[in-house]
Amino acid sequence: MITVKLYGLLRIESGIKEKVLEAITVKEVMDALVRCGIPKKDLDSCIILVNGVSGSKRSKLTDGDTVVLMSPVAGG
């Protein structure tokens, strides 16, 4: 099982703090989150960390991994 943690606007807008899923890639995690109601465009622009290291949609996952998804930070 993969633990997924959402931060920033992704968490605020979805109401999801953490979710446990079965997935082999980060793309599968994102597809599952789209089915939970998170807009695909929001996930496409997010920052991805796998076990604390920068990742991508193609990152492979193994049982026990943690995927963190954060909306990008903007400011002025």
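Here, each number is a calculation from the coordinates, and none is a lab measurement. Keep in mind that this is a model prediction, so the values were computed, not measured. Every residue, glycine as well, gets a Cβ built from its backbone with ideal geometry; the counts of neighbours run over all protein chains shown.
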- Item | Backbone HN-Hα couplings from phi across the range 14-21 [Karplus 6.51/-1.76/1.60, Hz, Gly and Pro as x] | 8, x, 9, 8, 8, 9, 10, 9
- Computed, not fitted: 222 nm per-residue ellipticity of the chain from DSSP H runs ≥ 4 (each -39500 (n - 2.57)), nearest 500, equal to -7000 deg cm²/dmol
- Message: Less than 12 Å Cβ to Cβ from Val34, Lys/Arg counted +1 and Asp/Glu -1: what total charge do the surrounding residues give?
- Response: 0
- Query: Karplus couplings for the range 42-57 from phi (6.51 cos²θ - 1.76 cosθ + 1.60, θ = phi - 60°), rounded to Hz, Gly and Pro as x?
  - Reply: 5, 6, 5, 9, 7, 8, 10, 10, 10, 6, x, 10, 3, x, 9, 4
